[in-house]
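One structure is given below, encoded as structure tokens.
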Amino acid sequence: MHKFVSIFKNKEIVGRIFFTIMILFVIRIGAAITVPGVRVEEQLAQAMNSGNAIALMDLMGGGALSNFSVFALGVSPYITAQIIVELLSKDVLPALTELSKQGQYGRKKIEMATRYLALLLGAVQAYGIIKTMQNSSYITLTLADNFWTYLYIVTVMLAGAMLTMWLGDQITEKGLGNGISVIIFAGCVRSLPLQISTAFTKWVSQNQGMGSNALIRGSFIFVIYVLALIAITAGVVFFELSKRKIPVQHAGKGGQTASMAKASFLPIKINSAGVIPVIFASSIMMAPSVIASFFSADASQAQWLQIFNYSAMYPMPAIDGNDWSMPWGLLIYIALILIFTFFYSELQMNPEQMADNFQKNGSYIPGIRPGKETEKYVRKVLNRVTCLGAIGLAVISALPVVLTLSGIFGNDTSLAIGGTGMIIVVGVAIELNAQIDGLLAGKSFEQVQGGM
């Protein structure tokens, strides 16, 4: 309570909160405006509740794809471009690697290259989305089906993506948190009240006229559902905050106080890769159907493409006259998440560079020789921690799909809990809390300095 009072007494924080809310309000208005020349069909709303790649793209767009709005692309092209540029700058493309070492000037150049790449990727992605959704009967074009119509719709979607990216930059500069993350956060949070309301209607409201036993049973299931939602959220918070601390000492810095010695450690988060592996995995899973849609509608509807649909069961050849199926899409999805978690964690932490920095700064890990031995030790710890992180990330991401395939919620797949959205919500909430704490600490320091 004291923290809330301190927040509302701080004019800077209140101003940043108000500015962020206003930007999100503008984005929600844009998300409600359907692209001119397009009619959204009822099948799209059903697809958004199925937990497939289209639903994840809607998540990345802050919920704008469900209306095929002018902001339908959201920040997805920018995130993809950012990931690609970051990967290329890790000693893959020498020019980008050199720019990444040139401080503020290099960062500006890399940011400009990222935006140009986002524009190119956005155009390709927009066309792929239009064709995929058109072939799946999610949307219908009300204009002539020709090149100029597609160019017009792609241009409108690109303009919306660039405006969304600019609004995200404004939140980063004048609001709270990282703008891109906050936009995705808002898209995830908007569905939570609806999800709880749907659960209440399904298990409580619909059982009111069916006798006391049905009402008590439905109420009990609803309470269990809410408790499960809280428990999974708490588990994700614990997962996001968990880290392995490697003690670090500094040569020539004797006489440290107990508090300084305690603070000298290298933290390695269990989930150091964040949600990037899930985004990568989902993009790859959706790529075959998008590529197929470039050629023909029949190709995009081919049976073999269902093997990449992680929210469906793939039919297998009958054995002794018995039909059976396998969730190949889900298994491939989980395998990709595991692979990309290890890959991206290695890039993020970079044990070799970390060992070099330790040696240059005169820091070392007690009992471990500087140089190669430090690199091997850090990599070993990172791999062990990442193993737990990869499994946890795969479980959380696959949970809604597993619940959907199990049929626990019947035809209402929107009730499935867990998933990428929850990881994003928790991660951004922790980030916002840390920024507010920093602003409050800065204000307290200024008051102390002023009193002196």
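Using per-residue counts of other Cβ atoms within 10 Å, averaged over each peptide, order 172-178, 268-274 from highest down.
Per-residue Cβ counts within 10 Å, averaged per peptide and sorted highest first, yield 268-274, 172-178.
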Full extension between Asn213 and Leu305 adds, at 0.36 nm per residue less the Cα distance, a length in nm of 28.6 nm
For helix 103-135, report the angle its Cα long axis makes with the longest principal axis of the Cα atoms of the chain; keep it between 0 and 90° and round to the nearest 10°.
-> 10 degrees
Assuming a ≥ b ≥ c are the square roots of the Cα gyration tensor eigenvalues, decide whether region 134-196 counts as rounded (a/c under 1.5), prolate (otherwise, with a/b larger than b/c) or oblate.
-> oblate
Could you rank the peptides 313-325, 218-230 by their average count of other C-beta atoms within 10 Å per residue, with the highest value first?
-> 218-230, 313-325
Karplus couplings for region 204-212 from phi (6.51 cos²θ - 1.76 cosθ + 1.60, θ = phi - 60°), rounded to Hz, Gly and Pro as x?
-> 10, 4, 6, 9, 5, x, 10, x, 5
With a/c under 1.5 counting as rounded, go ahead and sort region 98-241 into rounded, prolate or oblate using the C-alpha gyration tensor (a ≥ b ≥ c being the square roots of the eigenvalues; past the cut-off, prolate if a/b is larger than b/c, else oblate).
-> oblate
Which distance in Å, rounded to a whole number, links the C-alpha centroids of region 208-236 and region 21-45?
-> 32 Å
Starting from the amide H of Tyr314, placed 1.01 Å from N in the peptide plane, find each other amide H under 5 Å away whose residue is 5 or more places distant or on another chain.
-> Met326, Trp328, Gly329
Might you tell me the accessible area per residue for the chain, computed with a 1.4 Å probe and given in Å²?
-> 53 Å²
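May I ask you to order 86-99, 389-402 by the average number of other C-beta atoms within 10 Å around their residues, highest value first?
Top to bottom by mean Cβ count within 10 Å: 389-402, 86-99.
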The long-range amide H neighbours of Arg244, using H built 1.01 Å from N in the peptide plane and a cut-off of under 5 Å, are Ile268, Lys269, Ile270
Under 5 Å between amide H atoms, partner at least 5 residues away or on a different chain: which partners does Ile33 have, H built in plane at 1.01 Å?
-> Val70
For helix 76-88, what angle does its Cα long axis make with the longest principal axis of the chain, in degrees from 0 to 90 and rounded to 10?
-> 40 degrees
Using only Cα atoms, find the angle between the long axis of helix 191-203 and the longest principal axis of the chain, and express it within 0 to 90 degrees, rounded to the nearest 10.
-> 50 degrees
Anisotropy class of region 298-401 from Cα gyration tensor, a/c 1.5 cut = prolate
In deg cm²/dmol and to the nearest 500, what is the mean residue ellipticity at 222 nm of the chain if only DSSP H runs of at least 4 residues count, each as -39500 (n - 2.57), divided by the residue total?
-> -23000 deg cm²/dmol
First measure r as the distance between the Cβ atoms of Lys376 and Ala434, then evaluate 1/(1 + (r/R0)^6) with R0 = 45 Å and state the FRET efficiency to the nearest 0.05.
-> 0.90
Expressed as a rounded percentage, what relative contact order does region 10-164 have, with Cα pairs under 8 Å and six or more residues apart?
-> 29 percent
Please report how far the C-alpha centroid of region 67-122 lies from that of region 302-323, rounded to the nearest whole angstrom.
-> 38 Å
Quick calc, the chain, dipole around Cα centre from Cβ unit charges on Lys, Arg (+) and Asp, Glu (-), nearest 20 debye, gives 1600 debye
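The values are calculated or read from the model by the stated rules, or taken from the named source; none is laboratory data. None of these values were measured; they are calculated from a predicted model. Heads up, the Cβs are rebuilt from the backbone with ideal geometry, glycines too, and the neighbour counts pull from every protein chain shown. Calculation scope for accessible area: heavy atoms of the full protein, side chains included, ligands and nucleic acids excluded. Shrake-Rupley method; radii C 1.70, N 1.55, O 1.52, S 1.80 Å.
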